[in-house]
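Following: one structure in structure tokens, then a few remarks.
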Amino acid sequence: MAAGTYLLLMVALPVATLAREGLSKGLGELGRAILHPVARAAVLLTLETALVMAAVNAVMGTLIAYVLVRYRFPGRKLLDVLIDLPFAIPTLVTGMMIVTLLGPHAALGQLFEAAGLRVVYAPPAIILALLFVTLPLVVRTVQPVLMELDGADEEAAYTLGASEWTTFRRVTLPAIMPAIVSGALQSFARALGEFGSVVVVAGNIPRRTLTAAVHVFGEVESGDVHAASAMSLVLVTIAFCVVLVVSARQRGAHG
Amino acid sequence: MLVGIVARDLVKRFPGGSGRAVDVVSFEIGAGELVALLGPSGGGKTTVLRILAGLESPDEGRVLLRGVDVTDVRVQERNIGFVFQSYALFRHMTVRENVGFGLEIRGKPRAEVDRVVSELLALVRLAEFGARYPHELSGGQRQRVALARALAPGPSVLLLDEPFGALDAKVRLELREWLRRLHEERAITTVFVTHDQEEALSVADRVIVMNRGKVEQIGTPEEIYDRPATAFVAGFVGSINELEGEVRGGRAALGSLAVHAPPGAGDGTSVRAFVRPHDVELVGVTSRVEKRSSVEVATARVERLVRVGWMVRIELKLGDDQPLTVELTKDRVAELGLTEGEEVFVNLRDAKLFVQDYSI
């Protein structure tokens, strides 16, 4: 009962208020606010960067989890602890680190610039920032599933004549796939609203490097609460759908 | 006899482990033989099995399968079937897909895979379970799927690691019987690891007893049981009574009991005797029978009577406080009128005697 009330106050009430604010001028105005070129570009950029990040995360996170679980090497424990570091670092600091490392005044940044690739104040920096802040998500969902597999399944495949690659593709991957997808979806949802690191590295140029979350912040700052609410509603809706998919998948996996 | 498996001077150390997990192990297994690797857990028997399979590489020694040195051949190319203690079934595959896996990855045509899978599922009596997933099966059924899967690619050697360890007593007995029959039908060289002496002695043609990384004895179940080569084998196989004593006047005195001394053991040699529960003769309750003239007959007190089905385990304490366990049928116990706390006459029919660790 208390838990229900708490949830209602902490989650449902703010979301409902947001919906009311967004719809306060009618559906037409809401549509106009969302379809405004700057807003539309922001949503598209957000989805694109989050998608690329989720794909990279799915592959690299799985690889890291696999190495952590299956191999024994010096420094493994340290690496395992390091995985959680991005969650502990304030996201603004993450943004600062990326700018310091790859910004126009940094050696590495100049190197990329010379090669014709702009990183900071461009979409690649947004993806980098998102990758950093969501790094633990795939690793930490895949790791326990891999540990549960305990290697016997893989050994069984070897004794049946399967090569390492066939074994990974046919035995290991299908078993950890649900976890990979869950982790990737979670990082995707997390990335949609990422603000602190993105606002520092993106440059926030409307229609080019302005993400949805930063756009909301801008609208709030300039006093356009309706536009901010409209964009927020879009973000909430997408995030809610992702959460629904994740929980449906988890229920499916346990059922 | 054609040789199926040869293990030659195998040695394996594990990083961080103390000493050798496998300590110079050698044996030969004939083609078509059914052999048990018996020993306590941590005795190195699973490691030996994994070395035979190629899942573990030995630090020293060679492995030969059907006369070919496979020490440096990868597990994939050894043509072995392996059944894991945990079954290790692929959980995202159906029973049919699991059994067919080894054939399918070899690129066998669909029709052939289907035919072999159906044949094996019939063999393990799971024909109607082909579409199920492993989590929908009982432990015994999973074990049979694991066996069918291991057999599907037609291995020349079948290796089983504690195959019945995780099953309940009834299913265990069934599967043992079934493994025995399967072996008779297919005559595939089979090695299974077990810590259960009854399982080893009742299923295998020959038994290799291992302890602390070494082979203690290799022999038929009869040899292992009747003529244990070492004190360890005597203690591990069938005996639960262990008595200490020494040779006096040509006889081994074990507290208040005595048996013939090991040949060549002079007076004062300390001996260990292993006595099977059914090798203890319970002459009768002291108050009701005449003590026989024989010097071996000693008195003991009945400490506890434990009924196990139609057998009764009688825990005795000898005059010198050494415990002795006897097994009798419940009818015999009734006939003798045994109750706890009573004094009885006991005699040893047989005992396996060892001077230090040398066999008689």
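Figures for the structure shown
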{"quantity": "Candidate set: the range B:255-268, residues that are within 22 Å of B:Tyr225 (Cα to Cα) and touching a Leu at 6+ places or on another chain (Cβ under 7 Å); chosen: the one surrounded by the most Cβ atoms within 10 Å (Cβ to Cβ)", "calculated": "B:Val259"}
{"quantity": "Of all residues making up the range B:329-360, the number that are surrounded by fewer than 16 Cβ atoms within 10 Å (Cβ to Cβ) and not acidic (Asp, Glu)", "calculated": "10"}
{"quantity": "Whichever residue in the range B:19-63 is of a type in the set (A, V, I, L, M), under 24 Å from A:Glu154 (Cα atoms) and open to solvent by 20 Å² or more (accessible area, probe 1.4 Å) and, among such residues, is farthest from the other protein chains (Cβ to nearest Cβ)", "calculated": "B:Ala21"}
{"quantity": "Of the criteria (1) buried (at least 18 other Cβ atoms within 10 Å of the Cβ); (2) over 21 Å from B:Val312 (Cα atoms), which one B:Glu244 fails", "calculated": "(1)"}
{"quantity": "Yes/no for B:Arg74 being within 14 Å of chain A (Cβ to nearest Cβ), open to solvent by 70 Å² or more (accessible area, probe 1.4 Å) and touching a residue at least 40 places away in the same chain (Cβ under 8 Å)", "calculated": "no"}
{"quantity": "Elements of type strands (runs of 3 or more DSSP E) in the range B:214-262, at least 1 residues being of a type in the set (Val, Ile, Thr)", "calculated": "B:214-219, B:241-248, B:257-260"}
{"quantity": "Filter pass, B:Asp205 being open to solvent by 30 Å² or more (accessible area, probe 1.4 Å), closer than 27 Å to B:Arg180 by Cα and at pLDDT below 90", "calculated": "no"}
{"quantity": "Selected residue (criterion: farthest from the other protein chains (Cβ to nearest Cβ)) from residues of the range A:113-162 that are within 15 Å of A:Val69 (Cα to Cα), open to solvent by 50 Å² or more (accessible area, probe 1.4 Å) and part of a helix (DSSP H, G or I)", "calculated": "A:Arg140"}
{"quantity": "Tally, over the range B:155-177, of residues that are buried (at least 18 other Cβ atoms within 10 Å of the Cβ) and under 17 Å from B:Leu120 (Cα atoms)", "calculated": "4"}
{"quantity": "Residue within the range B:191-200 that is open to solvent by less than 20 Å² (accessible area, probe 1.4 Å) and among the polar types (S, T, N, Q) present", "calculated": "yes"}
{"quantity": "Residue count, the range B:145-203 (criterion: in a helix (DSSP H, G or I) and more than 23 Å from B:Phe90 (Cα to Cα))", "calculated": "21"}
{"quantity": "Check on B:Arg91, surrounded by fewer than 20 Cβ atoms within 10 Å (Cβ to Cβ), within 14 Å of chain A (Cβ to nearest Cβ) and basic (Lys, Arg)", "calculated": "yes"}
{"quantity": "Test: residue in the range A:163-184 that is touching an Asp or Glu at 6+ places or on another chain (Cβ under 8 Å), within 14 Å of another protein chain (Cβ to nearest Cβ) and surrounded by 23 or more Cβ atoms within 10 Å (Cβ to Cβ)", "calculated": "yes"}
{"quantity": "Any hit, the range B:132-142, residues being within 14 Å of chain A (Cβ to nearest Cβ) and crowded, with 22+ Cβ neighbours inside 10 Å", "calculated": "yes"}
{"quantity": "Single match in B:Glu112, B:Glu119, B:Glu97 (criterion: open to solvent by 30 Å² or more (accessible area, probe 1.4 Å), within 12 Å of chain A (Cβ to nearest Cβ), in a helix (DSSP H, G or I) and out of contact with any His (no Cβ under 7 Å at 6 or more places or on another chain))", "calculated": "B:Glu97"}
{"quantity": "Single condition B:Ser86 does not satisfy, out of (1) within 14 Å of chain A (Cβ to nearest Cβ); (2) not in a loop (DSSP other than H, G, I, E, B)", "calculated": "(2)"}
{"quantity": "Subset of the range A:186-209 [within 30 Å of B:Met93 (Cα to Cα) and open to solvent by less than 40 Å² (accessible area, probe 1.4 Å)]", "calculated": "A:Ser187, A:Phe188"}
{"quantity": "Members of the range B:59-82 that are under 27 Å from B:Leu179 (Cβ atoms) and outside any strand (DSSP E or B)", "calculated": "B:Arg66, B:Gly67, B:Val70, B:Val73, B:Val75, B:Gln76, B:Glu77, B:Arg78, B:Asn79"}
{"quantity": "Selection count where residues are β-branched (Val, Ile, Thr) and open to solvent by 50 Å² or more (accessible area, probe 1.4 Å), scope the range A:84-112", "calculated": "2"}
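Conditions tested, residue by residue: (1) without any contact (Cβ under 8 Å) to a residue 24 or more places away in the chain; (2) at positive phi.
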site	(1), (2)
A:Gly95	no, no
A:Ala106	yes, no
A:Glu113	yes, no
A:Gly116	yes, yes
A:Ala122	no, no
A:Ala129	no, no
A:Val133	no, no
A:Thr141	no, no
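For (1) buried (at least 16 other Cβ atoms within 10 Å of the Cβ); (2) in contact with a Leu (Cβ under 6 Å, 6 or more places away or on another chain), each residue gets a yes or a no:
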{"site": "B:Ala253", "(1), (2)": "yes, no"}
{"site": "B:Ser270", "(1), (2)": "no, no"}
{"site": "B:Val283", "(1), (2)": "yes, no"}
{"site": "B:Thr286", "(1), (2)": "no, no"}
{"site": "B:Val306", "(1), (2)": "no, no"}
{"site": "B:Leu316", "(1), (2)": "yes, yes"}
{"site": "B:Leu324", "(1), (2)": "yes, yes"}
{"site": "B:Glu327", "(1), (2)": "yes, no"}
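The values are calculated or read from the model by the stated rules, or taken from the named source; none is laboratory data. All of these numbers come straight from a predicted model, not from anything done at the bench. When we count neighbours, we look across all protein chains shown, and the Cβ atoms used for this are built from the backbone with ideal geometry, even at glycine. Remember, those area values only see protein heavy atoms, side chains included, never the ligands or the DNA or RNA. Shrake-Rupley method; radii C 1.70, N 1.55, O 1.52, S 1.80 Å.
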